[in-house]
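What follows is a single structure, written as C-alpha cells, with notes after it.
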Amino acid sequence: MWSAPTVLTLHTTGMAVLVGVSWVLDLRLLGIGRHVPLSDFRWVFPTVMVGLIINVVTGILLFVKNPTTWGASIPFLIKMGLVLASAATLLPIRSHVLHGDAAPGDASGRTRLLAIASILAWSAAVTAGRLLAYLQP
C-alpha cells in the first residue's frame, strides 16, 4: 500500500537534492556569491552523487511498474534525454571546480555557458517529468 508513494517521495527528494545542489553551483559559476571561492564547492559533487543514486534506483523502480508504457512514451524519452544532457554538464563543471581551470573565483565563458545549459536542462527535465503525469495514462 505504501510502496508506490514511498518510492515516488524518495524520487522527488533525490531530485530536489540533485537539482538543488546543481543549481547552487551553477549560480555560483554565473557570478552569484563571487566572494566564495570555487574550491568551497567541492562538497557539491558527493552530494550530487547521492541524489543521482537515489533517483536512478527509484527511477528504475518506477519504470519497472509499467515498462511497456514508459519505454514507448516519447515524452518519457525526452525526459530521459534531458536528464542525460543535464548530467553531462556536470563532468566539465566538476573538472573546472576540482582542477581550477580558471583563476581562483573566476569562471570562463565556456563554464558559464555550461552552467546556463545545466540550469535550463535540469529545469526542462523536472518539467518534463512532472508533465508525464498528465501526458501518460
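Things worth noting here:
- Selection status of LEU90, of a type outside the set (Ser, Thr, Tyr), open to solvent by less than 30 Å² (accessible area, probe 1.4 Å) and under 22 Å from ALA124 (Cβ atoms): yes
- Of all residues in the range 21-56, those satisfying the criterion of being open to solvent by 30 Å² or more (accessible area, probe 1.4 Å), in a helix (DSSP H, G or I) and without any contact (Cβ under 8 Å) to a residue 40 or more places away in the chain are VAL24, ASP40, PRO46, THR47, MET49, VAL50, LEU52, ILE53, VAL56.
- In the range 35-48 there is no residue that is touching a Phe, Trp or Tyr at 6+ places or on another chain (Cβ under 8 Å) and at negative phi.
- For the range 1-16, filtering for residues that are farther than 16 Å from SER123 by Cβ, surrounded by 15 or more Cβ atoms within 10 Å (Cβ to Cβ) and under 16 Å from the mean Cα position of the chain (by Cα) leaves 3.
- Filter result for ILE60 (without any contact (Cβ under 8 Å) to a residue 12 or more places away in the chain and under 21 Å from SER3 (Cβ atoms)): yes
- Flag if GLY81 is of a type in the set (Gly, Ala, Ser), out of contact with any strand residue (DSSP E or B) (no Cβ under 6 Å at 6 or more places or on another chain) and buried (at least 19 other Cβ atoms within 10 Å of the Cβ): no
- Within the range 57-78, considering residues that are not aliphatic (A, V, I, L, M) and not in a helix (DSSP H, G or I), the one least open to solvent (accessible area, probe 1.4 Å): SER73
The values are calculated or read from the model by the stated rules, or taken from the named source; none is laboratory data. For clarity, every value in this text was computed on a predicted model and none was experimentally measured. Reconstructed Cβ throughout: ideal geometry from the backbone, glycine too, with neighbour counts over all protein chains shown. The accessibility values were calculated without ligands, DNA or RNA, using every heavy atom of the protein model including side chains. Shrake-Rupley method; radii C 1.70, N 1.55, O 1.52, S 1.80 Å.
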